[in-house]
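Okay, structure first, notes after.
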Amino acid sequence: MKLRLEHPAWRRLATVLGRGFVRASLGTARSSLHGDPEGKAVLESKDPVIFAMWHGHLLSCLYLGTIFCRSKFPVVIMTSPSRDGMFVSDLGLALGYLVCPGSRHKGGFRALQNLTAHLRQGQSVALTADGSRGPIHVAQKGVLYLSRETDTPILPVAAASSRKITLNTWDRFEVPLPLGRNTFLVDAPIRVGSRDRGTALEMQRQHLEARLNRLFSLSQNFFRQP
């Protein structure tokens with residue numbers, strides 16, 4: 001019998017294998033926290049926050065979040081309803097996250113409503129700023145809407161790995177390897193005001209994009225520094 005990739009048995013197996021690989025890769029690595037002092041203070045508090053990252057750093061950030069974001073768990077993550085997104089959902093659940101399915105192309109508005117409700121209940125949320133399909137490293141406005149409507153700061157984060165594979169995908173997805181070093185990079189929080197609309201919101205979008213790209217650049221050179 002041919003086992004289709006959408007089959008529940010394959011999804012269960014993929015989740016088990018994925019969770020095992022993540023724990024083997026990152027669990028055998030040394031992990032550290034690096035970044036802005038205000039960002040670290042926000043990270044260590046119990047106040048809700050919106051984690052924003054590039055899609056290519058999703059895997060490492062999910063795992064490192066279980067180490068450095070314990071005061072905010074369970075964090076709610078937004079995942080695409082695609083096959084790849086379902087794998088991320090299953091893996092996120094296995095790591096202790098809550099999942100809210102949705103993307104800009106399917107169920108996005110409903111997902112943002114659900115994330116808004118979670119934030120107003122005091123829970124932190126996480127989503128990829130460049131969405132589930134890109135363009136790569138171009139921030140979309142969903143994270144800004146969430147921040148504005150809930151008066152919750154955005155915390156830009158990234159991950160640096162000394163040993164990794166970069167896949168040939170649209171997002172240049174990074175897969176950390178065992179026995180390396182991994183660092184959770186945190187920038188200063190971004191606050192979107194209730195009056196930030198139109199041009200002001202676009203300026204905030206560009207600001208978030210620049211911050212994340214700065215973190216990305218740091219991540220690529222972090223372990224090359226003397």
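What follows draws every value from the coordinates through simple rules; no lab data is involved. Because the structure is a prediction, the values reported are computed rather than measured. Note that we place each Cβ from the backbone using ideal geometry, even for glycine, and neighbour counts take in every protein chain shown.
Taking only segment 165-176 into account, find how many residues are outside any strand (DSSP E or B) and either buried (at least 17 other Cβ atoms within 10 Å of the Cβ) or among the small types (Gly, Ala, Ser) (or both). Explain how you work it out, then say what you get.
Going residue by residue through segment 165-176, those that are outside any strand (DSSP E or B) are 167-173.
Cutting the leftovers down to either buried (at least 17 other Cβ atoms within 10 Å of the Cβ) or among the small types (Gly, Ala, Ser) (or both) gives us 171, 173.
Counting residues in segment 165-176 that are outside any strand (DSSP E or B) and either buried (at least 17 other Cβ atoms within 10 Å of the Cβ) or among the small types (Gly, Ala, Ser) (or both) gives 2.
Let me confirm something: among Val49, Val99, Val88, which residue is of a type in the set (A, V, I, L, M), in contact with a strand residue (DSSP E or B) (Cβ under 7 Å, 6 or more places away or on another chain) and closer than 20 Å to Arg148 by Cα? Let's see the steps before the verdict.
Numbers: Val99 fails: closer than 20 Å to Arg148 by Cα; Val88 fails: closer than 20 Å to Arg148 by Cα.
Sole residue among the options that is of a type in the set (A, V, I, L, M), in contact with a strand residue (DSSP E or B) (Cβ under 7 Å, 6 or more places away or on another chain) and closer than 20 Å to Arg148 by Cα: Val49.
Taking segment 187-202 as the search range and keeping residues that are over 15 Å from Gln140 (Cβ atoms) and either touching a residue at least 60 places away in the same chain (Cβ under 8 Å) or not in a loop (DSSP other than H, G, I, E, B) (or both), which one is farthest from the chain's Cα centre (by Cα)? Give the derivation first.
Taking segment 187-202 as the starting set, the residues that turn out to be over 15 Å from Gln140 (Cβ atoms) are 187-189, 191, 193-200.
In the following step, the residues that additionally are either touching a residue at least 60 places away in the same chain (Cβ under 8 Å) or not in a loop (DSSP other than H, G, I, E, B) (or both) were identified as 187-189, 199-200.
Numbers: Asp187: 14, Ala188: 16, Pro189: 15, Thr199: 26, Ala200: 25 Å.
Looking at residues that are over 15 Å from Gln140 (Cβ atoms) and either touching a residue at least 60 places away in the same chain (Cβ under 8 Å) or not in a loop (DSSP other than H, G, I, E, B) (or both), I get Thr199.
Taking Arg205 as meeting all but one of (1) over 29 Å from Arg23 (Cα atoms); (2) surrounded by fewer than 15 Cβ atoms within 10 Å (Cβ to Cβ); (3) of a type outside the set (S, T, N, Q), write down the number of the exception.
Only one criterion in (1) over 29 Å from Arg23 (Cα atoms); (2) surrounded by fewer than 15 Cβ atoms within 10 Å (Cβ to Cβ); (3) of a type outside the set (S, T, N, Q) is unmet by Arg205, namely (2).
What pairs can you find where one residue is in segment 206-226 and in contact (Cβ under 8 Å) with a residue 40 or more places away in the chain and in a helix (DSSP H, G or I), the other is surrounded by fewer than 19 Cβ atoms within 10 Å (Cβ to Cβ) and not aliphatic (A, V, I, L, M), and their Cβ atoms are less than 8 Å apart, with a gap of 6+ or different chains?
Once the first residue is in contact (Cβ under 8 Å) with a residue 40 or more places away in the chain and in a helix (DSSP H, G or I) and sits in segment 206-226, its partners that are surrounded by fewer than 19 Cβ atoms within 10 Å (Cβ to Cβ) and not aliphatic (A, V, I, L, M) give Glu209/His137; Leu212/His137; Asn213/His137; Phe216/His137; Phe222/His34; Phe223/Ser162; Phe223/Arg181.
Which residue is farthest from Arg120 (Cα to Cα), if the candidates are limited to segment 36-87 and must be assigned to a loop (DSSP other than H, G, I, E, B) and β-branched (Val, Ile, Thr)? Please lay out each step first, then the result.
From segment 36-87, those assigned to a loop (DSSP other than H, G, I, E, B) are 36, 45-49, 54, 69, 73-75, 80-82; that's our starting set.
Retained after the next criterion (residues that are β-branched (Val, Ile, Thr)): 49, 75.
Values: Val49: 11, Val75: 13 Å.
Within segment 36-87, the match that is farthest from Arg120 (Cα to Cα) is Val75.
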